[in-house]
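The values are calculated or read from the model by the stated rules, or taken from the named source; none is laboratory data. Just so you know, these numbers come straight off a predicted model, no measurement behind them. Virtual Cβ from ideal backbone geometry, glycine too; neighbours counted across all protein chains shown.
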């Protein structure tokens, strides 16, 4: 039953990713005063499946100068890591309940840097290498503040288990206790998943397509799937940590949907940020705020107990 549950979870994540891409194209279309996909099936509902067929049936081009094995397997590793993250989903029955699920989440998100770096380096293309180096610098900068924000809330609840966020937010959401770090977490999530306005790894204006410029067909599809499943997962984690986590109610899934919509809304609204400003914001703004909150929550625990 345990293995069947994990298999069903992965299938539904893939289905969620498919319809999330449709939602993104529709929302971006309406933001830009056009319709978006509306031809395949009723109001374009089957568009994700036709996209999948098109992408996986395209020819995979292998650059002659690339490190073939690493180049071939890094998108697979990227998708594996983003699906591996979903094991920390706090099911109440018939699945894994980690006592240290927060640490597992931090380890898996840190490993995600390597897949981007290796896929850019193994392509042996200057654009790919520049995109991957940018992604590494950006992700390392933001993961420090992400870890500290999570650590401050861990001090508050005295547990590394994500399920405990469910029990501690019965009466008040952590969003009201810590609004500044909730906003820091959201923009750090945008940087973590390489989304606009922090999509420097894929900057079309100066890097063609960034670290994935040499990928086509199946390899590009795997990179695409891993990015979008990470977006849905970061939305889920945000809701669990800051907006209450009652898995029995439809409100929980509605909140996840709203967070996913915010990712798309930001993409359709904001221009790309400047790279030096991004690094300055990570180290000079978010890091001091998250450190201050960490010290504040530690002091609060000492006073209360």
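Things to note:
- Which listed residue, of 211, 155, is closer than 26 Å to residue 283 by Cα and buried (at least 23 other Cβ atoms within 10 Å of the Cβ): 211
- Residues of the stretch 15-33 that turn out to be farther than 19 Å from residue 232 by Cβ and either in a loop (DSSP other than H, G, I, E, B) or free of Cβ contacts under 8 Å to residues at least 40 places away in the same chain (or both), as a count: 4
- Residues located in the stretch 258-278, provided they are modelled with pLDDT of 85 or more and touching a helix residue (DSSP H, G or I) at 6+ places or on another chain (Cβ under 8 Å): 259, 260, 261, 262, 263, 264, 265, 266, 267, 268, 269
- Answer from 69, 96 - the residue that is exposed (fewer than 15 other Cβ atoms within 10 Å of the Cβ), in contact with a helix residue (DSSP H, G or I) (Cβ under 6 Å, 6 or more places away or on another chain) and at pLDDT below 85: 96
- Look at (1) over 27 Å from residue 150 (Cβ atoms); (2) surrounded by 15 or more Cβ atoms within 10 Å (Cβ to Cβ); (3) in contact (Cβ under 8 Å) with a residue 12 or more places away in the chain and you find that residue 87 fails only one, number (1).
- Scanning the stretch 45-55 for residues being surrounded by 13 or more Cβ atoms within 10 Å (Cβ to Cβ) and either assigned to a helix (DSSP H, G or I) or touching a strand residue (DSSP E or B) at 6+ places or on another chain (Cβ under 8 Å) (or both) gives a total of 7.
- Residue 244, sole failed condition from (1) part of a helix (DSSP H, G or I); (2) modelled with pLDDT of 80 or more; (3) more than 23 Å from residue 110 (Cα to Cα): (1)
- Residue match in the stretch 34-47 (condition: touching a residue at least 24 places away in the same chain (Cβ under 8 Å), in contact with a helix residue (DSSP H, G or I) (Cβ under 9 Å, 6 or more places away or on another chain) and closer than 27 Å to residue 214 by Cα): yes
- Candidates 15, 28, 11, 42 - the one that is at negative phi and surrounded by 14 or more Cβ atoms within 10 Å (Cβ to Cβ): 28
- Candidates are the residues of the stretch 56-66 that are part of a loop (DSSP other than H, G, I, E, B) and touching a residue at least 60 places away in the same chain (Cβ under 8 Å); the one that is surrounded by the fewest Cβ atoms within 10 Å (Cβ to Cβ) is 59.
- Checking each residue of the stretch 142-162 against the condition of being under 20 Å from residue 222 (Cα atoms), in contact (Cβ under 8 Å) with a residue 40 or more places away in the chain and assigned to a helix (DSSP H, G or I) gives no match.
- One residue from 179, 130 being more than 20 Å from the chain's Cα centre (by Cα), under 26 Å from residue 281 (Cα atoms) and at pLDDT 85 or above: 179
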